[in-house]
Amino acid sequence: MLSIDKLRTGKFLNWAQNETAQQLNFHEPSSIEEISSIVEYVRAEKKTIRTVGAAHSFSPVAKPQHHSMSLHQLRGLISIDKEHRQATFWAGTYLHEIGPVLKQYGLALENMGDIAEQSIAGAISTGTHGTGLQLRSISNQVVKWGFIDGTGQYREVTRQENDGMSQALHLSLGLLGVIVQVTFQALPLYALSYTSQHCTIEETLKNASTIMGEHRHAEWFYFPGQEKMQLKTMDQLESPTIQTSRFQKWTDDFMENNVLQLLSTGCKIFPKASHLVSKVSARGVPTGTKEEYCYDIFPSPRKVKFLEMEYAVPIAYFEAVLEEIHFVLKSKPFHVHFPIEIRVAAGESGFLSPTQGADSAFFAFHMYKGMPHEAYFTWAHRLLEKYQARPHLGKMNQLTYETMQAKYAQLHDFLAIREQLDPQNVFVTNYFNELLKIK
Ligand SMILES: Cc1cc2nc3c(=O)[nH]c(=O)nc-3n(C[C@H](O)[C@H](O)[C@H](O)COP(=O)(O)OP(=O)(O)OC[C@H]3O[C@@H](n4cnc5c(N)ncnc54)[C@H](O)[C@@H]3O)c2cc1C
């Protein structure tokens, strides 16, 4: 959970605690007019402002330089269009607040990621995604944006196909304005049946494409150097029949967090134990089935701190990437015990979307906080670079202006729209200045 108290003292610290800033002027507006005045004020001062969602990004995208702002006072449902199944929320709403509200209207989001602590605006600004080869990111579920641009003007944009403004707003990293209202295209409420099982790397290489075609959601965990993997699948139901008991939820949480915390602390003290922990984790994968409403089953608590990088590659490279990862990691070149998470997503159209134009597989690499991550992440980056990879921009990456240009054919279209909406670079911190060569 984001610490508003910390922001009130002028400090910024992200979830993974790898990005910090201080001596910030902090704002907590409670109306569109107030946001507009704040942006005008910062613009007149020739300073910069960043809106912080829940500070769950690993990259410096949310890191403020002069002014910071939270929309935590602008949360909740604004309106529902039952006929078109569209729901408009204040952009500061946390993802975990959406499901129970939509349920009352018999609606739900199409897909979600691993956790639900993020704010709506933060999640859609970095293209937060879940898994499912027929499904796209949370950004893709947005049909209308209401935002204050860099001149303080309030604008509304309705998504249209092949429209540059929609493609830019799709994943905008907070560079086009302060998003204040978001309209989602929802689905009729549904539940999911979840199954976790063991599989081997050989089976995955043989049947991954069948599995991702057969299930609404499919996700794999590869334990560094191990033959055994975990496969999680989920399929749609109208309503849940097997309710998970509170005890079961507590046990799952205990295993996923408390036991992992203990093992991680051990690995930090004795890095050589990482391989054994990876082996034990691969063998101890919890297996079974449960059913819940979708918004209850997508997220899990993540209490153990880690650093993460995640890159998307065209789906055709799924097997080649996995095979190469295993080939290298079985000789134990790094002390790492966190599994690599592999998810899939349908291609989408945002100018800066990592899955733009191609159904993709996401490979996510994690390192327990405090253990050296540089060599492992650099190796992973180089490996993925061979497969036309594009990073999740909210996670750690090694992008430069040159690689951004090479990977995002429409970067210039994005930057042209940005310049039009924020001519005085109110939202451009040093990080973006360096990455996108704006000033
Ligand atoms: C434990 C953990 C699990 C995660 N799981 C997943 C996952 O399953 N899938 C996935 O894709 N990602 C995942 N992420 C990454 C996370 O979803 C993204 O980094 C997301 O952007 C975080 O949302 P936030 O609200 O914390 O935004 P922040 O990190 O605070 O901000 C992200 C960006 O949004 C901008 N922003 C925030 N609010 C506004 C606004 N109102 N208007 C304009 N711009 C705004 C910020 O300036 C910044 O550029 C995970 C992260 C963590 C720490």
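Readers should treat all values here as calculations from the given coordinates under stated rules, not as data from a laboratory. Every value quoted in this text rests on a predicted model; they were computed, and no experiment measured them. All Cβ positions, even for glycine, are placed from backbone atoms using ideal geometry, and neighbour counts span all protein chains on display.
Quick notes
- Percent of alpha-carbon pairs separated by more than 18 Å within region 253-328: 62 percent
- Restricting the trypsin sites (Lys or Arg not before Pro) of region 106-206 to loop positions (DSSP other than H, G, I, E, B) with no more than 14 neighbouring Cβ atoms within 10 Å leaves nothing.
- Diffusion coefficient (Stokes-Einstein, Kirkwood radius over C-alpha pairs, 37 °C, 0.692 mPa s) for region 191-391: 185 µm²/s, rounded to a whole number.
- Translational diffusion coefficient of region 124-188 (Stokes-Einstein, Kirkwood radius from Cα pairs, 25 °C, 0.890 mPa s): 199 µm²/s.
- Partner aspartates and glutamates whose Cα lies under 19 Å from the Cα of Lys11, excluding those fewer than 8 positions away in the same chain, are identified as Glu19, Glu28.
- Rg and Dmax of the chain, based on Cα coordinates, read 21.2, 61 Å.
- When only alpha carbons are used to place a centre, region 246-303 and region 340-394 end up 22 Å from one another.
- Geometric extent, Cα atoms of region 1-46 - Rg, Dmax (angstrom): 12.5, 33
- The helix-based estimate of mean residue ellipticity at 222 nm for the chain, built from -39,500 (n - 2.57) per DSSP H run of four or more residues and divided by its residue count, is -8500 deg cm²/dmol to the nearest 500.
- Three semi-axes of the equivalent ellipsoid, region 1-134, Cα gyration tensor, whole Å, largest first: 28, 18, 12
- Highest average packing first - 386-396, 292-302, Cβ atoms within 10 Å: 386-396, 292-302
- Between region 133-211 and region 1-37, the Cα center-to-center distance that results, in Å: 25 Å
- Loop-located GluC sites (Glu not before Pro) in region 120-214 (DSSP state other than H, G, I, E, B) with a sparse environment of at most 11 neighbouring Cβ atoms within 10 Å: Glu161.
- Ranked Cys267, Cys199, criterion: other C-beta atoms within 10 Å, fewest first: Cys199, Cys267
- The chain, relative contact order in percent, only Cα pairs under 8 angstrom and at least six apart counted: 18 percent
- Packing-based order for 43-49, 222-228, using average beta carbon neighbours within 10 Å, highest first: 222-228, 43-49
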